[in-house]
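**Student:** Sharing a structure with you now.
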Amino acid sequence: MKFFLGIDVGATWIRIALHDGSGIVKRVRFRTPREGDERSVPNAIIETIKREFRDCIDKVVAIGIGSIGPLDLAKGVIVGAPNVPFKRIDLAVPIMEVLRKPVYLANDCVAAVWGERMFGAARGVDNAVYITISTGIGGGMIINGALLLGKKGNAHEIGHIVVDVERRLRCNCGGYGHWEAYCSGANIPRFASYVIERLPPTREYRSSKLYRLWEEGSLRSEDVYSLARAGDPLARRVVEEVTRLNVAGFESVINLYDPEVVTVGGSVALKNVDLVVEPVKQVLEVGRGLLTDPPRIEPTPLGDDAVLLGAIAIAMETPPQLRGLLKYLEQL
């Protein structure tokens, strides 16, 4: 029997799954290392694979990785990822050298959109976009059947689209006004603080539970959405502001890539479909702001496994555009 390994490298969690060609047969998860050097992440992955999948390693045909970026695909490294403490992570080559298997690295959302085409909402579709709203914001695109990559593999960093021309907040990458700086899980509390500080101090807002959490310095993105759902007026105001910027981001992506379908993943979106995906969908279905027919917009049917299944899809059926960029494979 042939097996494939898929690895989802996130800023918070790393997940590894074994696939037998029909489905996932085993999976593990552990926290992304935040101490050490550029090999801490691959070393943790190698140790976990050797421990958890030792009985199947010899039967593994290929390994796919969907990773946070930016990436240098030719070298197989993560460079300057804004949500991890390492300036560089030497990811693909150490795994390939130790396990002696081909390792196919792609941005996490690029992997996810390929997974959507093989397993999810983009089956039979030649123009598809996957958007994640999670710790950060990212995207993956298939255009006319081809995976969109760019010169180094970063043609899809949509989280750094400018959605605020007033440049009110600085992104972790150093730029200003970027979508991710306002609407990602890591930055919604910061944007909420910005909004709260500039609202009139009415009794309604000051009596809000969200206001109290903000005063205590304990505000989280999940609080914003749970309280908005419960009717908290200040939380609802913040969500309205976040939605307005999400609409701007989606409009830009759709106008740029003209997809037939847009699938949305990531913990922020999937845990709050009613307050993240549906409001954007309702605005865009009207068609204002779009220069093309509105695409189908839906939460990914792959759920939390979108990147993991995407990594497996890349290992099983490697896109030729991706294979051509992975120069490090010549070392195998």
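**Student:** Do you know the relative contact order of region 128-301, to the nearest whole percent, from alpha carbon pairs under 8 angstrom that are 6+ apart?
**Tutor:** 24 percent
**Student:** Quick check: from the Cα gyration tensor, does region 40-170 come out rounded (a/c under 1.5), prolate or oblate?
**Tutor:** Numbers: a/c = 2.24, a/b = 1.36, b/c = 1.65.
Oblate.
**Student:** Please identify, among VAL195, VAL262, VAL103, the residue showing maximal mean-square fluctuation in a Gaussian network model of the chain using a 10 angstrom Cα cutoff.
**Tutor:** VAL195
**Student:** On to the next question. Explain nothing, just compute: Karplus ³J(HN,Hα) = 6.51 cos²θ - 1.76 cosθ + 1.60, θ = phi - 60°, for every residue of region 19-25 in order, whole Hz, x for Gly and Pro.
**Tutor:** For region 19-25, the Karplus curve yields 10, 9, x, 10, x, 6, 9 Hz.
**Student:** Note the angle between two axes, namely the Cα long axis of helix 188-198 and the longest principal axis of the Cα atoms of the chain, as a number of degrees from 0 to 90, rounded to the nearest 10.
**Tutor:** 20 degrees
**Student:** Kindly put HIS160, HIS19, HIS178 in sequence by how many other C-beta atoms sit within 10 Å of each C-beta, fewest to most.
**Tutor:** By the 10 Å Cβ count, ascending, the order reads HIS160, HIS19, HIS178.
**Student:** Oh, and also: Report, in degrees rounded to the nearest 10, the 0 to 90 angle that the Cα long axis of helix 108-119 makes with the longest principal axis of the chain.
**Tutor:** 70 degrees
**Student:** Using the alpha carbon gyration tensor of region 128-301, what are the three equivalent-ellipsoid semi-axes (square root of 5 times each eigenvalue), largest first, in whole Å?
**Tutor:** So the equivalent ellipsoid measures 29, 17, 14 Å along its semi-axes.
**Student:** Give me, ordered by chain and number, the residues 5 or more places off THR32 or on other chains with an amide H under 5 Å from its own placed amide H.
**Tutor:** Long-range HN contacts for THR32: TRP13, ILE14.
**Student:** Would you mind classifying region 104-174 by shape? Square roots of the alpha carbon gyration tensor eigenvalues, ordered a ≥ b ≥ c; an a/c under 1.5 is rounded, otherwise it is prolate if a/b is larger than b/c and oblate if not.
**Tutor:** Working: a/c = 2.22, a/b = 2.02, b/c = 1.10.
Verdict is prolate for region 104-174.
**Student:** How high is the relative contact order of the chain? Use alpha-carbon pairs under 8 Å, at least six apart in sequence, and give a whole percent.
**Tutor:** Relative contact order for the chain comes out at 22 percent.
**Student:** Using DSSP to define loop residues, name the GluC sites (Glu not before Pro) in region 160-249 whose beta-carbon has at most 16 other beta-carbon atoms within 10 Å. Write down the numbers at each step before the final one.
**Tutor:** On the way: sites: GLU166, GLU180, GLU197, GLU204, GLU215, GLU216, GLU222, GLU240, GLU241; in loops: GLU166.
Answer in residue order: GLU166.
**Student:** Please list the non-local residues whose amide H lies under 5 Å from the amide H of TYR104, H modeled 1.01 Å from N, same-chain partners needing a gap of 5 or more.
**Tutor:** The answer is ILE63, GLY64, ILE65.
**Student:** Exactly which trypsin sites (Lys or Arg not before Pro) in region 144-207 are in a DSSP loop and have at most 11 other Cβ atoms within 10 Å?
**Tutor:** Qualifying residues, ordered by number: LYS151.
**Student:** Restricting to lysine pairs 8 or more places apart or on different chains, what number in the chain have Cα atoms under 12 Å apart?
**Tutor:** So the count works out to 5.
**Student:** Using each residue's phi in region 9-14, evaluate 6.51 cos²θ - 1.76 cosθ + 1.60 at θ = phi - 60° and report the 3J(HN,Hα) Karplus result to the nearest Hz, with x for Gly and Pro.
**Tutor:** Values, residue by residue: 9, x, 6, 10, 10, 10 Hz.
**Student:** Report, in whole Å, the centroid distance computed from the Cα atoms of region 99-168 and region 1-71.
**Tutor:** Between the Cα centre of region 99-168 and that of region 1-71, the gap is 19 Å.
**Student:** Then there is this: Residues with amide H under 5 Å of ASN272's amide H, sequence separation 5 or more or different chain, H placed in the peptide plane at 1.01 Å from N; which?
**Tutor:** Long-range HN contacts for ASN272: none found.
**Student:** Something else about it: With angles folded into 0 to 90 degrees, how steeply does helix 233-257 sit against the dominant principal axis of the chain? Use alpha carbons for both and round to 10.
**Tutor:** Here the helix axis deviates by roughly 50 degrees.
**Student:** Out of all DSSP beta bridges in the chain, what portion is antiparallel? Express it as a percent rounded to 5.
**Tutor:** 55 percent
**Student:** A further question on this structure: State, as an integer percentage, the relative contact order of region 1-155 based on alpha-carbon contacts under 8 Å between residues 6 or more apart.
**Tutor:** Relative CO of region 1-155 lands at 20 percent.
Read-outs: derived from the displayed coordinates by stated rules, not from any lab. Since the structure is predicted, the reported quantities are computational estimates derived from the model, not experimental observations. Quick reminder, even Gly has a Cβ in these numbers, built from the backbone with ideal geometry, and neighbours come from all protein chains shown.
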